[in-house]
Amino acid sequence: PEDTVTSSFASFIHAAQPEHLSQTVRRRSKRMILDSIGVGLVGSTTHVFDIALRYCRELYSSVAVSSVYGKPGVKLSPTLAAFTNGVATHSMDFDDTWHPATHPSGAVLPALLAASQMLPPNTKPNGLDFLLAFNVGLEVQGRLMHFSTEAHDIPKRFHPPSVVGTLGSAAATAKLLSLSPAQCGHALGIAASLAGAPMANAATQAKPLHVGNATRLGLEAALLAARGMEANPLILDDIPGCSGFSAFYSVYQPKPLSAPGKHHEFLLEKQDIAFKRFPAHLGMHWVVDAALSVRNLFINYAGSFCPSLIRTIMLKIPVSKYINRPFPSSEHQARHSFQFNACAALLDGEVGLGSFSESSIHRQELRELLDKVVVEHPEDNVANFDKMYGEVALLLHSGDVLTGKCDTFYGHWRKPLSKESLLKKFRSNASHVLPEEKIETIITLVDNLENLSDSSQL
């Protein structure tokens, strides 16, 4: 079919060229690549990553050509390497976030890294091909998210990277493999049949599987399309009486994707990305900054942080059930708890990797603070990463009230991390598994990605 939404996406994937990427898009996407690699490296130290890696090594035998984060000498088949590295990337909820809400890099980058190692030596994509494919994967995810008004708010039904991420991975891989327009469309259709995961598995060890599956299954969809498998050529269109991609959204209004070139502006040009300063759900970053602000006021007031002076801790947060967890009992629940992150910031003056250890979560002094928390949901505080705010008020036994509020945390797309902060985060994450010289080599490779003759070196 001609002139359909699906065919417009397929044509865009096929026609995109490196010269269509502006300097802003190149710079922002390279920042995303570097951050995602660092997050994946530190994620390779987690328990859930070990489970996924052991599963792949024990249950599957295949041609092992693709590398695994943080495990020198270990290689898996391309699809399983993509899966394992995707799990690593989201294992701490430390990966980047876009608006409408999804985790774009983790769903795409592991598939491209695995695929670049899979291809024969004389067909290896260069760094510019790799960067273009990465941006195609981002663009498809972003455009799909804009098809639904529901997608603009913190999700209630499907975890977005398991939906749009799977199609983004398929699009990126299809571009890297130079598939035909028809094959690109079929890759999207196949990926749609492999997509979707429920939000109920947030705050569990199953959540990182959403990103692992998205990047793996998108890669598989592109490989199947390359081998001749076909799918519905109208998968992205709104066909009355027969749901395609619209099955994932209650309100679905698809629009064609314009051809790349002077009339097309990549979404990453208009909308920067949010990078996390600590490993937790993005919503936590508002309440942590608000808590740190009021903590400083409290220290100026009392001379030190003295919890016994606090009668009530009031949190003003959006309504979002799966991140409203008064007493989290595991690291994954703690990463998805407004209450925990506010209290950890108040008690310690920071939130970091160690904040989510078993010993930190179950501290008596932290539990005593959690007992004092009361939650309010102001009508103007909506569950939307572009509009929400976090407010933490300390009601003291003396009758005084101290308040901290955050409208835009450091790392949000409205307040991006500096280059120095991003490099500091990457070096810190990567240092858990790599020596300094390799860390600096990766930084140099990503910074000069356009000039890399063989992207599999990455």
Q) At S258 and S357, where each label point lies 7 Å from the Cα along Cα→Cβ, what is the point-to-point distance in nanometres? A) 5.3
Q) Share of antiparallel DSSP beta bridges in the chain, in percent to the nearest 5? A) 80
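Taking 0.36 nm per residue of sequence separation and subtracting the Cα-Cα distance, how much length would be gained by fully extending the chain between F327 and R227, in nm to one decimal? Please report the intermediate quantities before stating the final value.
Values: separation 100, 0.36 × 100 = 36.00 nm, distance 5.00 nm.
Stretched out fully, the F327 to R227 stretch lengthens by 31.0 nm.
Could you tell me which helices of the chain pass both thresholds, a Cα extent of 20 Å or more along their own axis and a mean Kyte-Doolittle hydropathy of at least 1.6, with helices taken as whole DSSP H runs? Please list the in-between numbers first.
Numbers: long enough: 23-43 (30 Å, -0.06); 104-118 (22 Å, 1.07); 127-145 (27 Å, 0.89); 160-176 (23 Å, 0.72); 207-226 (29 Å, 0.53); 284-302 (26 Å, 0.72).
For the chain, where a helix must reach 20 Å along its axis and average at least 1.6, there are no hits.
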Q: Before anything else, pin down the relative contact order of the chain: Cα pairs under 8 Å, at least 6 apart, normalised by residue count, whole percent.
A: 21
Q. Can you give me the Cα centroid spacing of region 79-151 and region 299-314 in angstrom?
A. 44
Q. Which order, highest average first, do 194-201, 362-369 follow once you tally other Cβ atoms within 10 Å for each residue and take the mean per peptide?
A. 194-201, 362-369
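Tally Lys/Arg at +1 and Asp/Glu at -1 over every other residue whose Cβ is under 13 Å from the Cβ of V164; what's the total? The partial results should precede the final answer.
Values: positive: R143; negative: E139, E150.
Neighbourhood net charge equals -1.
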Q) Hey, rough spin-label estimate for K156 and K438, points 7 angstrom out along Cα→Cβ, what's it come to in nanometres? A) 4.6
(Q) Run the numbers for E368 and I299: contour at 0.36 nm per residue of separation, minus the present Cα-Cα distance, in nm. (A) 23.0 nm
Q: Calculate the spin-label point distance for T204 paired with K405, positioning each point 7 Å from the Cα along the beta-carbon direction, and give it in nanometres.
A: 3.8
**Q.** Set of aspartates and glutamates near K415 by C-alpha distance (under 16 Å), chain-local residues within fewer than 8 positions excluded
**A.** D96, E269, D272, D289, D386, D407
Q. Name the residues of region 355-372 whose amide N is less than 11 Å from a point 7 angstrom out from the Cα of H47 along the C-beta direction?
A. 357-359
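For an R0 of 30 angstrom, estimate the FRET efficiency from the Cβ-Cβ distance between S22 and D454 and round to the nearest 0.05. Before the final figure, lay out each step's value.
Values: r = 25 Å, r/R0 = 0.83.
It comes to 0.75.
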Q: Please report the relative contact order for region 83-233, taking Cα pairs under 8 Å with a sequence separation of at least 6, and give it as a percent rounded to a whole number.
A: 34
Q) Under the classification rounded if a/c is under 1.5, otherwise prolate if a/b is larger than b/c and oblate if not, where does region 282-406 fall, given a ≥ b ≥ c as square roots of the Cα gyration tensor eigenvalues? A) oblate
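Read the figures in this text as sums done on the coordinates, not as results from a lab. On a predicted model such as this, the values are computed, not experimentally measured, just so you know. Positions of Cβ are backbone-derived with ideal geometry, glycine not excepted, and every protein chain shown enters the neighbour counts.
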